[in-house]
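To start, the structure under review is shown below, and the notes come after it.
The values are calculated or read from the model by the stated rules, or taken from the named source; none is laboratory data. Predicted model only: the values in this text are computed from it and were never measured. No Cβ is skipped: glycine too gets one built from the backbone with ideal geometry, and neighbour counts run over all protein chains shown.
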Amino acid sequence: MEHRGGCHCGNISLTFSTAAVPEHMTPIACQCSFCRKHNVLAVADAAGLLDLRIASDADTNRYRFGLATAEYLICRTCGVYVAALTTDPPVRALIVVNCLDDRDRFTAAPIRADYSNETAEQRKARRQRNWTPLLS
Ligand SMILES: [Zn+2]
């Protein structure tokens, strides 16, 4: 099924296509300092597809920190954090559940995930395995 969503003002919009039923997807509660400040629950499907549309790159912040192996898309206009993208190709994405219009269907208990002991290579490999490919 398709899940539509994006930031608040419409600058960043997305369609997440997945065969998984939202009630059966396990949201990830990443325990890194950035995700905890945003209280983020996120989902991904390596067999799914993300169509990401950015109306204005100038109004989109691609925040990086730590190992800089991902960029965090934050709308400069409305301040919403929408998704994380790998900085190495092929680009894959992790999607913030609360940015999806049908966020209330993602009712499965989240898992707390602490990736702080990963090396950069382990982190890149995990994201390539688990995150969602982008529609090119
Ligand atoms: Zn916005």
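Residue check: is Cys30 modelled with pLDDT under 95 and buried (at least 16 other Cβ atoms within 10 Å of the Cβ)? Walk me through it before giving the result.
Details: modelled with pLDDT under 95: yes; buried (at least 16 other Cβ atoms within 10 Å of the Cβ): yes.
When the stated conditions are applied, Cys30 passes them.
Does Ala93 fit the bill of being within 16 Å of the ligand (Cβ to nearest atom), surrounded by 15 or more Cβ atoms within 10 Å (Cβ to Cβ) and in contact (Cβ under 8 Å) with a residue 24 or more places away in the chain? Show your work before the answer.
Working: within 16 Å of the ligand (Cβ to nearest atom): no; surrounded by 15 or more Cβ atoms within 10 Å (Cβ to Cβ): yes; in contact (Cβ under 8 Å) with a residue 24 or more places away in the chain: yes.
The answer is no for Ala93.
Confirm whether Ser56 is within 26 Å of Ala108 (Cβ to Cβ), among the polar types (S, T, N, Q) and within 10 Å of the ligand (Cβ to nearest atom). Spell out how you get there, then give the answer.
Details: within 26 Å of Ala108 (Cβ to Cβ): no; among the polar types (S, T, N, Q): yes; within 10 Å of the ligand (Cβ to nearest atom): yes.
Spelling it out, it is not the case that Ser56 is within 26 Å of Ala108 (Cβ to Cβ), among the polar types (S, T, N, Q) and within 10 Å of the ligand (Cβ to nearest atom).
Kindly provide the set of residues from the range 48-84 that are of a type in the set (A, V, I, L, M), over 30 Å from Glu121 (Cβ atoms) and touching a helix residue (DSSP H, G or I) at 6+ places or on another chain (Cβ under 7 Å), ordered by number. Show your work before the answer.
Going residue by residue through the range 48-84, those that are of a type in the set (A, V, I, L, M) are 49-50, 52, 54-55, 58, 67-68, 70, 73-74, 80, 82-84.
Next, from what is left, pick out any that are over 30 Å from Glu121 (Cβ atoms): 55, 58, 80.
Selection gives Val80 alone.
Can you spot a residue in the range 48-59 that is among the β-branched types (Val, Ile, Thr) and either in contact with a Lys or Arg (Cβ under 9 Å, 6 or more places away or on another chain) or under 17 Å from Thr18 (Cβ atoms) (or both)?
Start the filter on the range 48-59 by keeping residues that are among the β-branched types (Val, Ile, Thr), which leaves 54.
With either in contact with a Lys or Arg (Cβ under 9 Å, 6 or more places away or on another chain) or under 17 Å from Thr18 (Cβ atoms) (or both) added as a condition, the list becomes none.
Looking through the range 48-59, none of the residues is among the β-branched types (Val, Ile, Thr) and either in contact with a Lys or Arg (Cβ under 9 Å, 6 or more places away or on another chain) or under 17 Å from Thr18 (Cβ atoms) (or both).
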_Selection count, the range 59-87, where residues are away from the ligand (no atom under 12 Å from the Cβ) and touching a residue at least 40 places away in the same chain (Cβ under 8 Å)_ = 7
_Considering only residues that are modelled with pLDDT of 95 or more and out of contact with any strand residue (DSSP E or B) (no Cβ under 7 Å at 6 or more places or on another chain), which ones fall in the range 66-79?_
Thr77, Cys78, Gly79
_Six or more apart or on different chains, Cβ atoms under 8 Å: show the pairs whose first residue is in the range 98-124 and within 17 Å of Ser17 (Cα to Cα) and whose second is assigned to a loop (DSSP other than H, G, I, E, B) and β-branched (Val, Ile, Thr)._
Asn98/Val40; Cys99/Val80
*Could you check the range 1-50 for strands (runs of 3 or more DSSP E) lying wholly inside it with 2 or more residues that are among the hydrophobic types (A, V, I, L, M, F, W, C) and either in contact (Cβ under 8 Å) with a residue 12 or more places away in the chain or within 16 Å of the ligand (Cβ to nearest atom) (or both)?*
12-17, 28-30
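Would you be able to say whether some residue in the range 34-47 is over 28 Å from Glu118 (Cβ atoms) and touching a Leu at 6+ places or on another chain (Cβ under 9 Å)?
no
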